[in-house]
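K.L.:
Can you read through this structure? Questions will come right after.
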Amino acid sequence: MLQEESDLALIIAQIVQKLKGSNLYAQLERQAWASLQRPEIKLESLKEDIKEFFKISGWEKKLQNAVYSELSVFPLPSHPAAPPEHLKEPLVYMRKAQVLINLRNPNYENGDSHSFRTHLGLIQVPLKVKDIPELKEFFVELGLTAGQLGIDDSTQVPPELFENEHVRIGQKVLSEQDSAAAQQYIRQGSPTALRAELWALILNISSQPEDILYYEQLKTNVIQHDLLVDSLIYKDVKLTASNDDYYFVFEDYLYQVLLCFSRDTSVLGHFAYNSASPPKSYIRGKLGLEEYAVFYPPNGVIPFHGFSMYVAPLCFLYHEPSKLYQIFREMYVRFFFRLHSISSHPSGIVSLCLLFETLLQTYLPQLFYHLREIGAQPLRISFKWMVRAFSGYLATDQLLLLWDRILGYNSLEILAVLAAAVFAFRAVNLMEVTSLAAAEAVLADLSTLKVMPLLQIFLFATVT
């Protein structure tokens, strides 16, 4: 009990400290001073009067949304076992899953009979992951009896059965500007016309003049100073988004956002809850002297192959560069960084890989064993999907429906579930293949897949 209170106090202190450095805090402070001049504010009831004024003026809701947004980053503790030290290694530039495959826990006894199934996969680290009953409970709003955008908005379903009412509720959520309600609402999918506003509300992005000015300062920094990582960004955009039928038109947007992102020192803040550490460089002639060490690149993130695909789908939703930038930055520090950092977090790439393998081994054992026997371990195929959050593999409308649920559940675990569902969907064809190349060919094109039916069938129509 005392430990929980101590942890909660620490989280509150972290949130207050972060809010103190925000534009919202400065605005709130100005508003508080202004309210003191109002005739209805009495000295003898100062605290209650100001609280009432904030409630009437809408500031209470803004503050609630800000705190709720921060709680998504600093979740209340559940006291999991401390991760082994070897899991706290940075994973900067990953193009293969080999780094994860080679991970071992020296304190873990390989001979443990209870772990036999786990060791049939490539991931050898014994982390706790959800089974299907637990996933059903976690993703309960995706159940067969609940309405879903991605299923119930198809041309075969009359809009009055679900879609019209869902849109009406979404408009009400937006009018009330309630982040928590928006996050709950979006678990059943977002209407296309409301998605940009809903995501911004959930991520607590409001595009104040100060935010636009900050973005303009980053652009000036890009013009004034070249960085070595700029060439990595140019190369990645050319090799990925520029060759994609959906995203090639956004090439200029991608350069703007990613070049600014590399220079944004506020991104360093996410290393407080990231198992990785930002890379350092030294001022010329001062190599090895810590007092002359600087983070490089300034944001602490070295872009890797496919990095630009985290930004590309957002270009469909946001056409104003500074808003697009803010949304991407928040998506990165909340979710995407976990896809290329080694940790024991449930949404980290190690846990996602293990969850994927465990689901296949448990619920599709024949398929798993067949692919394993022919040298086509499923993770070698699905890894790239999960690292890129399926961006560049699914059709954009389906990808946005998937990302709706990532935001709605504040979790990346749905990526592993979808990866397993894709294998289940193509199981008949995969049982016929005799090589890794053939298995890859069967799964080469995911652009025709419908995300929500696959997830529903795998989670709620699988015999457990």
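K.L.:
If Lys and Arg each add +1 and Asp and Glu each add -1, what is the summed charge of the other residues whose beta carbon sits under 15 Å from the beta carbon of L415? Don't skip to the end; give the middle numbers.
P.N.:
On the way: positive: K130, R334, R338, K384, R388, R405; negative: E357, D404, E413.
For residues surrounding L415, the net value is +3.
K.L.:
Moving on. Let me check I've understood the local charge: for E163, count other residues with C-beta under 9 angstrom from its C-beta, Lys and Arg +1, Asp and Glu -1. What total comes out? Let's see the in-between values first.
P.N.:
Working: positive: none; negative: D152, D153, E160, E165.
Result for the neighbourhood of E163: -4.
K.L.:
Let me ask another. Could you order I101, I283 so the one with the most accessible surface comes first? Probe is 1.4 Å.
P.N.:
Values: I101 15, I283 85 Å².
Ranked list, largest accessible area first: I283, I101.
K.L.:
Rg to Rh for the stretch 391-463: what is it, with Cα atoms only and Rh by Kirkwood? Numbers along the way, then the final one.
P.N.:
Numbers: Rg = 13.0 Å, Rh = 13.1 Å.
With Rh from the inverse mean 1/r over Cα pairs, Rg/Rh is 0.99.
K.L.:
Moving on. Taking a threshold of 30 Å on the Cα-Cα distance, which of the pairs K130/K238; K136/K384; K55/K136; K130/K450; K280/K384 fall above it?
P.N.:
Details: K130/K238 38 Å; K136/K384 25 Å; K55/K136 38 Å; K130/K450 24 Å; K280/K384 28 Å.
Where the Cα-Cα span goes over 30 Å, the pairs concerned are K130/K238; K55/K136.
K.L.:
Can you tell me the order of 330-338, 265-273 when each peptide is scored by its average per-residue count of other Cβ atoms within 10 angstrom, highest first?
P.N.:
330-338, 265-273
K.L.:
Translational diffusion coefficient, Stokes-Einstein: compute it for the stretch 202-260 using the Kirkwood radius over C-alpha pairs as Rh, at 10 °C and 1.306 mPa s, and state it as an integer in µm² s⁻¹.
P.N.:
Details: Rh = 13.0 Å.
The Stokes-Einstein estimate is 123 µm²/s.
K.L.:
Separate question: In Å², what does the accessible area per residue of the stretch 336-464 work out to with a 1.4 Å probe? Before the final figure, lay out the partial values.
P.N.:
On the way: 3860 Å² over 129 residues.
Counting only protein heavy atoms, the per-residue value for the stretch 336-464 is 30 Å².
K.L.:
A further question on this structure: Full extension from A293 to A180: what is 0.36 nm times the residue separation minus their Cα-Cα distance, to one decimal in nm?
P.N.:
36.6 nm
K.L.:
Grab the Cα-Cα distance for D211 and A444, subtract it from 0.36 nm times how many residues apart they are, and report the gain in nm with one decimal. Please list the in-between numbers first.
P.N.:
On the way: separation 233, 0.36 × 233 = 83.88 nm, distance 4.08 nm.
So the extension gain works out to 79.8 nm.
K.L.:
Under a plain spin-label model, where a point goes 7 Å from the Cα along Cα-to-Cβ, how far apart in nm are D244 and A427?
P.N.:
3.0
K.L.:
How much net charge surrounds L259 when only the other residues with a Cβ under 15 Å from the Cβ of L259 are counted, with Lys and Arg +1 and Asp and Glu -1?
P.N.:
Values: positive: K219, K235, K238, R263, R329; negative: E216, D226, D230, D236, E251, D252, D264.
Net of charged neighbours comes to -2.
K.L.:
Let me ask another. Could you work out how much longer the chain between L436 and S266 gets when fully extended? Use 0.36 nm per residue separation minus the Cα distance between them, nm to one decimal. Before the final figure, lay out each step's value.
P.N.:
On the way: separation 170, 0.36 × 170 = 61.20 nm, distance 4.27 nm.
Taking 0.36 nm per residue and subtracting the Cα distance, the gain is 56.9 nm.
K.L.:
Moving on to the next point. At a Förster radius of 22 Å, what calculated FRET efficiency corresponds to the Cβ-Cβ distance of T145 and D397, to the nearest 0.05?
P.N.:
Numbers: r = 24 Å, r/R0 = 1.09.
Result of the calculation: an efficiency of 0.40.
K.L.:
Each label point is 7 Å from the Cα along the Cα-to-Cβ direction; what then is the distance between the points at Q171 and I56, in nm?
P.N.:
Distance between the two pseudo-spin positions: 3.0 nm.
K.L.:
Would you mind putting 219-231, 444-456 in packing order, based on average other-beta-carbon counts within 10 Å, highest first?
P.N.:
Top of the packing list down: 444-456, 219-231.
K.L.:
Can you list which of the trypsin sites (Lys or Arg not before Pro) found in the stretch 366-439 are DSSP loop residues with at most 12 other C-beta atoms within 10 Å? The partial results should precede the final answer.
P.N.:
Details: sites: R372, R380, K384, R388, R405, R426; in loops: R388, R426.
Here no trypsin sites (Lys or Arg not before Pro) fit, given the DSSP loop and packing criteria.
K.L.:
Please state, as a whole number in µm²/s, the translational diffusion coefficient that the Stokes-Einstein equation yields for the stretch 209-319 at 25 °C and 0.890 mPa s, with Rh defined as the Kirkwood radius across alpha carbon pairs. Write down the numbers at each step before the final one.
P.N.:
On the way: Rh = 15.2 Å.
In µm²/s, the coefficient rounds to 161.
The values are calculated or read from the model by the stated rules, or taken from the named source; none is laboratory data. Worth saying up front: this structure is predicted, and the values here are computed from it rather than measured. Please note: Cβ atoms are built from the backbone with ideal geometry, for glycine as well, and neighbour counts cover all protein chains shown. Side chains are part of the model used for accessible areas, which takes the heavy atoms of the whole protein and leaves out ligands, DNA and RNA. Shrake-Rupley method; radii C 1.70, N 1.55, O 1.52, S 1.80 Å.
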